[in-house]
There are 2 protein chains.
Amino acid sequence: MVFDNRSRLRYLLSVSETNWLAEVRFGADGLVPVVAQESRSGDVLMLAFANREALERTAATGRAHYYSRSRAALWRKGETSGHVQRVTEMRIDCDQDAVWIKVEQAGPGACHTGRRSCFYRKVEAGEGAARLSFVDADRLFDPAKIYGTHT
Amino acid sequence: MVFDNRSRLRYLLSVSETNWLAEVRFGADGLVPVVAQESRSGDVLMLAFANREALERTAATGRAHYYSRSRAALWRKGETSGHVQRVTEMRIDCDQDAVWIKVEQAGPGACHTGRRSCFYRKVEAGEGAARLSFVDADRLFDPAKIYGTHT
């Protein structure tokens, strides 16, 4: 189709082997949101943020790296818990300001509260106002044992 | 398990029917990131942002609403294109600062470039530096016809 001849190219013309990271549009805080999806189940495990270094290391090592806003530091997922994420696919969106990774989650879960996914509460929009309910919310590990503090 | 008796409750004690939105931790810009996943395929279609009103309307109407940062306005997905998103499930994460919705996408796609998903480029981390390649990148509609301008 006339409006889509570029999609037949295997590689983008404007983004070379070396400059794809230079084209990422980080926010004012130097970060982009990253969605981590479990390859096997298709469930979203977590949403975190990455700076340039985190994206670079994720691509280079095949292990998910983020930027911890609370600790203001590079965060190699699993560095404390051992629950590393092996990245099986990494995509960037149309605006180059969001990243989607598919991961194989090591250990029982991704969430610091002990759950498999951070998204263990559902908004139920029934009659009247919406409310929250737990879903897939069993704790699979004790965060106090892993992180040394009850979260 | 001792550390998880709360997960047996159907509803959260601290978040009532009416205040779940009050507990959402919006960023300094008043927004939270929202991951929209296609129910059927499990693919992530887009990552956008929502303000309080957008979350409220999404929960109340069952149709995805976002906040357009470029237009600085509430954005009812599909208001121009007709490509609305019917929300089949809505979840909030542990920190209450990210939202995951599963949607049925009306029309050919979610992306303003004409693709089904905004994530149509893959980071290939081969030997040496990573590069991008197209994946699932066919344009399913002509954005010029839908939006009146070529994007």
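The values are calculated or read from the model by the stated rules, or taken from the named source; none is laboratory data. What you see is a predicted model, and the numbers here were worked out from it, not measured in a lab. Methodologically, a virtual Cβ is constructed for each residue, glycine included, from the backbone with ideal geometry; neighbour enumeration extends over all protein chains shown.
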- [ ] Could you check B:A137 against (1) over 19 Å from A:R91 (Cα atoms); (2) out of contact with any Leu (no Cβ under 8 Å at 6 or more places or on another chain) and say which number it fails?
- [x] (1)
Task: Residue list for segment A:113-130, restricted to those being at pLDDT 80 or above and closer than 18 Å to B:W20 by Cβ - done: A:T113, A:C118, A:F119, A:Y120, A:R121, A:K122, A:V123, A:E124
Task: Qualifying residue in segment A:128-140 (condition: surrounded by 17 or more Cβ atoms within 10 Å (Cβ to Cβ) and under 13 Å from the mean Cα position of the chain (by Cα)) - done: no
Task: Filter pass, A:A144 being loosely packed, with under 15 Cβ neighbours inside 10 Å, outside any strand (DSSP E or B) and either in contact with a His (Cβ under 8 Å, 6 or more places away or on another chain) or at the interface with chain B (Cβ under 7 Å from one of its Cβ atoms) (or both) - done: yes
TODO: Would you point out the residue of segment B:106-125, among those that are in a loop (DSSP other than H, G, I, E, B) and in contact with a helix residue (DSSP H, G or I) (Cβ under 7 Å, 6 or more places away or on another chain), that is surrounded by the most Cβ atoms within 10 Å (Cβ to Cβ)?
DONE: B:G114
Task: Of all residues in segment B:74-120 being charged (D, E, K, R) and touching a Ser or Thr at 6+ places or on another chain (Cβ under 7 Å), the one that is nearest to A:G42 (Cα to Cα) - done: B:K102
TODO: May I ask you to list the residues in segment B:38-76 that are free of Cβ contacts under 8 Å to residues at least 24 places away in the same chain, closer than 16 Å to B:K102 by Cα and outside any strand (DSSP E or B)?
DONE: B:S41, B:G42, B:A54, B:R57, B:A60, B:T61
Open item on the list: Residues to consider are B:L45, B:L21, B:L13, B:L31; find the one that is modelled with pLDDT under 95, surrounded by 13 or more Cβ atoms within 10 Å (Cβ to Cβ) and of a type outside the set (V, I, T).
Closed with: B:L21
Task: In segment B:82-100, residue farthest from B:F49 (Cα to Cα) [restricted to those that are assigned to a strand (DSSP E or B) and at the interface with chain A (Cβ under 9 Å from one of its Cβ atoms)] - done: B:E89
